[in-house]
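**Student:** Structure provided below as structure tokens; questions to follow.
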Amino acid sequence: MTSLPPVPDRVLTGRFEPAQARRYVHIPFDVPDGVDQVHLEIDYNLRASSSLGAPGNTLDVGLFDARGTRAGGAGFRGWSGSERVSITIGREWATPPYLKGPIPPGTWNILLGPYKVVPQGLDYAVRLWFNPGLTPEAAASAPADRPPWGPVPAVAEAGWLRGELHCHSVFSDGDAQPDELLVAARDAGLDFLAVTDHNGWGQFEAATGGRELPVLVPGTEVTTYGGHWNVWGLTRWFDFREPTGAAVDAQMRAAAAQGGLVSVNHPKPMGLGWEYPEARSYHCVEVWNGPWEHLNSFSLAWWEDDLRRGRRIVAVGGSDTHRLRGARQEGIRARWLGQPTTWVDAGPEPSWPKIVDAIRRGRCFISESPTGPELYLRQGAGTVDVRVVGGQGQILAFIGASGCVAAEAVNERDQGVSIPFPAGSPYVRAQLEDAVGRVTALTNPLWIAQGQV
Ligand SMILES: [Zn+2]
């Protein structure tokens, strides 16, 4: 990277008070003709460290070009949250997640989101350079950590795939390129991977899955101040700027109308929660985010509340991995691709549309890792049948609308368990727990139409 000229071409300054927290503002600036590269340096006082809950100010940053700030529009060039304070965007290259390409002259907008503002206020300065002639920095290339499990056994049932539905690359706040994530996912034993960057959608085009690598599933994590939600199956952005239930629900409906599969992510403590009770237009809930111990029982309860209301919402899992390096030093906070794993009945010749479609139909279960345990739930003649693979020494529970209806110890490596369909419940699902009551796998519900059993 060549160095910046000492004097910027523009300086934009301003201040946010605590009462302005969690509301985005657009700061316009003019880009003259003949510009091929814009560089921004963002400074503000009392900047918080990146660790969760650290005190200090946090300012999120995004960028719209002269094509405008319209929701879903072509003017959106990227959003980097609080991750980057030095951003270059140009015709030839751009700091991820920003999109490189022509620099149209006219009025651009910096999107500033004062996520956290301390009582002293947040004073910012954005310095801008036009055509500074910067070249990209060489990417760090330390090898990724190996997962904490060895080779994975073959999948017990033909047509089922194991995958990861939630992780982050340099297209938001991750430490790896999308193609590095594909390699790491393969090494973890996974067959498909969705790289769901925060308000980013360029990661899908930046890598190619398939052949010897996992199938890459398009996805983005719409990251708002009151909760996060995933969209799979689309490569576009959805408006994240208005943190209200009505706005979030409208964006969810727009994503669904375009064929996207929508999930509420980590509705639990340690995961930001979900502040939009009015936003109900989702297909899935991420009931398992990272290791089970990361308070996932709260997300499970959140999902079960939907089930008891008769809402046929699909449970999915995702590791939310951000770093391929240094996880072993993070102790209880460590995350690994495939922890948990979502197993999907996508049939032969897998493709991302088949994977997304199988999840939409609830043809999936979740396990603690790609090594299992596997839980295949099906309907028999008046019975509910489960095949448990790799669950020996654990307890299989059948759960209906009013709680656990049956339980059985699992003794064999590959064991079938059947129970009569529980009277009075419109659904039943299965869940495996180990000797200390930790969930190691869970299925989606089998729904029984009234009068069918
Ligand atoms: Zn999230």
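**Student:** Please identify every one of the GluC sites (Glu not before Pro) in the stretch 342-441 that sits in a loop by DSSP and has no more than 11 other beta carbons within 10 Å of its own beta carbon. Spell out each step's value before the answer.
**Tutor:** Numbers: sites: GLU368, GLU374, GLU408, GLU412, GLU433; in loops: GLU368, GLU412.
Answer by residue number: GLU412.
**Student:** Would you work out the charge dipole size for the stretch 160-372 about its Cα centre, treating the Cβ of every Lys and Arg as +1 and the Cβ of every Asp and Glu as -1, and quote it to the nearest 20 debye? It would help to have the intermediate numbers written out before the result.
**Tutor:** Numbers: 21 positive and 27 negative charges, 93 e Å.
So the dipole magnitude of the stretch 160-372 works out to roughly 440 debye.
**Student:** Could I ask something else about it? In nm, to one decimal, how far is the LEU4 label point from the ASP123 one, both placed 7 Å along Cα→Cβ?
**Tutor:** Label-label distance for LEU4 and ASP123, simple model: 1.8 nm.
**Student:** Post the alpha-carbon centroid distance, the stretch 1-43 to the stretch 50-129, in whole angstrom.
**Tutor:** Spelled out, the Cα-based centre of one part sits 8 Å from the other.
**Student:** Could you tell me which of VAL417, GLY390, CYS404 has its Cα farthest along the dipole of the stretch 374-453 towards the positive end, charges placed at Cβ (Lys, Arg +1; Asp, Glu -1), taken about the Cα centre?
**Tutor:** Toward the positive end, the furthest listed residue is CYS404.
**Student:** Also, I was wondering about something else. How far, in degrees from 0 to 90, does helix 178-188 lean away from the longest principal axis of the Cα atoms of the chain, to the nearest 10?
**Tutor:** That works out to roughly 30 degrees.
**Student:** Also: With unit charges on the beta carbons (Lys and Arg positive, Asp and Glu negative) and the dipole taken about the Cα centre of the stretch 10-130, which residue among ILE27, ASN57, VAL38 sits farthest to the positive side?
**Tutor:** ASN57
**Student:** Treat each spin label as a single point 7 Å out from the Cα along the C-beta direction, and report the SER418 to THR107 distance in nm.
**Tutor:** Modelled inter-label distance: 7.1 nm.
**Student:** So what's the net charge close to VAL152: Lys and Arg +1, Asp and Glu -1, counting the other residues with Cβ under 12 Å from its Cβ? Walk me through the numbers before you get to the answer.
**Tutor:** Details: positive: ARG162, ARG186; negative: ASP187, ASP191, GLU374.
Result for the neighbourhood of VAL152: -1.
**Student:** Something else now. With angles folded into 0 to 90 degrees, how steeply does helix 245-257 sit against the dominant principal axis of the chain? Use alpha carbons for both and round to 10.
**Tutor:** That works out to roughly 70 degrees.
**Student:** How much FRET efficiency would the formula 1/(1 + (r/R0)^6) give for ARG312 and THR208, where r is the Cβ-Cβ distance and R0 is 35 Å, rounded to 0.05? Spell out each step's value before the answer.
**Tutor:** Working: r = 34 Å, r/R0 = 0.98.
After rounding, the FRET efficiency stands at 0.55.
**Student:** Taking the Cα-to-Cβ direction at GLN392 and at VAL25 and moving 7 Å from each Cα, how far apart do the two end points lie in nm?
**Tutor:** Label at GLN392, label at VAL25, 6.5 nm between them.
**Student:** So for the chain, averaging the separation of alpha carbon pairs under 8 Å that are six or more residues apart and normalising by length, what relative contact order in percent results? Could you put the intermediate results ahead of the total?
**Tutor:** On the way: 1131 pairs, mean separation 53.4, N = 453.
The normalised contact order for the chain reaches 12 percent.
**Student:** Also, quick follow-up: To the nearest 20 debye, what charge dipole does the chain have about its Cα centre, counting +1 at the Cβ of each Lys and Arg and -1 at the Cβ of each Asp and Glu? Don't skip to the answer; put the middle values down first.
**Tutor:** Details: 40 positive and 49 negative charges, 138 e Å.
Charge dipole of the chain: 660 debye, to the nearest 20.
**Student:** Then there is this: How charged is the neighbourhood of ALA346? Take every other residue with its Cβ under 13 Å from the Cβ of ALA346, and add Lys/Arg as +1 and Asp/Glu as -1.
**Tutor:** Once positives and negatives cancel, what remains is 0.
**Student:** Could you run the Karplus curve 6.51 cos²θ - 1.76 cosθ + 1.60 with θ = phi - 60° over the stretch 367-376 and give me ³J(HN,Hα) per residue in whole Hz, x for Gly and Pro?
**Tutor:** 10, 5, 7, x, 7, x, x, 9, 10, 9
**Student:** If you add up the charges near ARG127, with Lys and Arg at +1 and Asp and Glu at -1, over every other residue whose beta carbon is less than 12 angstrom from its beta carbon, what do you get?
**Tutor:** Details: positive: ARG10; negative: ASP9, GLU41, ASP43.
Once all neighbours under 12 Å are counted, the net charge is -2.
Throughout, read-outs are computed from the coordinates displayed, never taken from laboratory work. Please read these numbers as outputs of a predicted model, since none were measured by experiment. Note that each Cβ is placed from the backbone with ideal geometry, even for glycine, and that neighbours are counted across all protein chains shown.
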